[in-house]
1. Just to be sure before I move on: is residue 200 more than 32 Å from the chain's Cα centre (by Cα) and at pLDDT 95 or above in the structure I sent?
2. Could you grab the pairs with beta carbons closer than 6 Å, sequence gap of 6+ or different chains, first residue in the stretch 240-260 and in the same structural domain as residue 82 (by TED's automatic domain parsing) and in contact (Cβ under 8 Å) with a residue 12 or more places away in the chain, second one in a helix (DSSP H, G or I) and surrounded by fewer than 21 Cβ atoms within 10 Å (Cβ to Cβ)?
3. If you scan the stretch 69-101, which residues turn out to be surrounded by fewer than 16 Cβ atoms within 10 Å (Cβ to Cβ) and either part of a loop (DSSP other than H, G, I, E, B) or modelled with pLDDT under 95 (or both)?
4. Test residue 104 against the criterion of being in contact with a strand residue (DSSP E or B) (Cβ under 6 Å, 6 or more places away or on another chain), assigned to a loop (DSSP other than H, G, I, E, B), over 30 Å from residue 186 (Cβ atoms) and touching a residue at least 60 places away in the same chain (Cβ under 8 Å), and give yes or no.
5. Report, by residue number, each residue of the stretch 160-171 that is crowded, with 20+ Cβ neighbours inside 10 Å and either touching a helix residue (DSSP H, G or I) at 6+ places or on another chain (Cβ under 7 Å) or over 16 Å from residue 109 (Cα atoms) (or both).
6. Hey, can you tell me all the residues within the stretch 107-122 that are crowded, with 19+ Cβ neighbours inside 10 Å and either in a strand (DSSP E or B) or free of Cβ contacts under 8 Å to residues at least 40 places away in the same chain (or both)?
7. Only one of these is touching a helix residue (DSSP H, G or I) at 6+ places or on another chain (Cβ under 7 Å), outside any helix (DSSP H, G or I), surrounded by 10 or more Cβ atoms within 10 Å (Cβ to Cβ) and at pLDDT 95 or above: 60, 66. Name it.
8. Go through the stretch 43-57 and give me each residue that's more than 30 Å from residue 168 (Cα to Cα) and either within 12 Å of the chain's Cα centre (by Cα) or at pLDDT 95 or above (or both).
């Protein structure tokens with residue numbers, strides 16, 4: 001009986017040892033499973049932020065050339081697999097191009113009237129977002145040869161003044177000032193964009209031109225700005241929207257977010273644009 005009890009004790013001890021070894025062997029397996037689960041979680045997290053790629057075409061008012069060129073570079077830097085194609089002209093010309101089928105993804109106008117034309121033609125997705133404001137000022141050559149100091153001076157005999165055509169936002173704004181002040185201008189030229197007006201002044205072909213304050217600021221020492229109080233009657237609001245026919249609406253939405261976000265606001269403010 002003593003021998004039997006001893007054998008039982010030996011068997012029990014051996015069983016305990018085997019169970020302990022089995023438990024130790026199971027620990028690395030559990031650790032491997034946990035590590036595998038963690039890796040899967042990381043991969044899933046990375047896949048939730050797809051990278052933007054492709055080309056987005058932006059049609060923008062001529063007065064936005066400097067700011068949108070800078071923002072386009074920022075957009076491409078943030079999204080290396082993308083390319084921004086910019087097309088600048090008078091807002092009315094851009095509307096005509098888009099309604100005729102031009103492949104624009106984004107449209108940014110220098111006024112709400114031209115954006116309204118696209119909206120009425122069902123060529124704007126949802127409601128446009130107002131992102132900036134601008135006002136007219138007088139641009140003169142640095143030496144100011146015609147001694148322009150007020151809006152009324154633009155109507156003096158012999159003064160060669162250049163304005164935008166009436167269908168262009170800067171031209172419509174000029175007409176608003178004329179009506180408000182009772183002053184009738186006799187321009188020697190009516191241009192299709194505000195940059196063309198600025199070009200006439202900076203080249204010395206004109207004594208003065210009506211442009212936006214942002215154009216004068218961006219021109220540096222090529223022209224001199226002459227502010228006038230009546231400019232409050234020529235306040236322009238700039239809207240931006242995705243074009244309905246766009247085939248790259250994810251890129252369009254991302255670009256608009258940049259323009260209307262904090263980075264876009266800073267770039268626009270630095271250029272002299274106001275807040276809507």
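The values are calculated or read from the model by the stated rules, or taken from the named source; none is laboratory data. Note that the structure is predicted; figures quoted are calculated from it, not measured. Neighbour counts run over all protein chains shown; Cβ positions are idealised from the backbone, glycine included.
1. no
2. Close Cβ pairs satisfying both conditions: 242/249.
3. Result: 80, 81, 100, 101.
4. yes
5. First pass over the stretch 160-171, keeping only residues crowded, with 20+ Cβ neighbours inside 10 Å: 161-165, 168-171.
Residues satisfying the conditions are 161, 162, 163, 164, 165, 168, 169, 170.
6. Our first condition is that a residue be crowded, with 19+ Cβ neighbours inside 10 Å; within the stretch 107-122, this holds for 107-111, 114-115, 118.
Selection gives 107, 108.
7. Working: 66 fails: outside any helix (DSSP H, G or I).
Testing whether each residue is touching a helix residue (DSSP H, G or I) at 6+ places or on another chain (Cβ under 7 Å), outside any helix (DSSP H, G or I), surrounded by 10 or more Cβ atoms within 10 Å (Cβ to Cβ) and at pLDDT 95 or above leaves just 60.
8. Here is the first cut: in the stretch 43-57, the residues more than 30 Å from residue 168 (Cα to Cα) are 43-54.
Matches in the stretch 43-57: 52, 53, 54.
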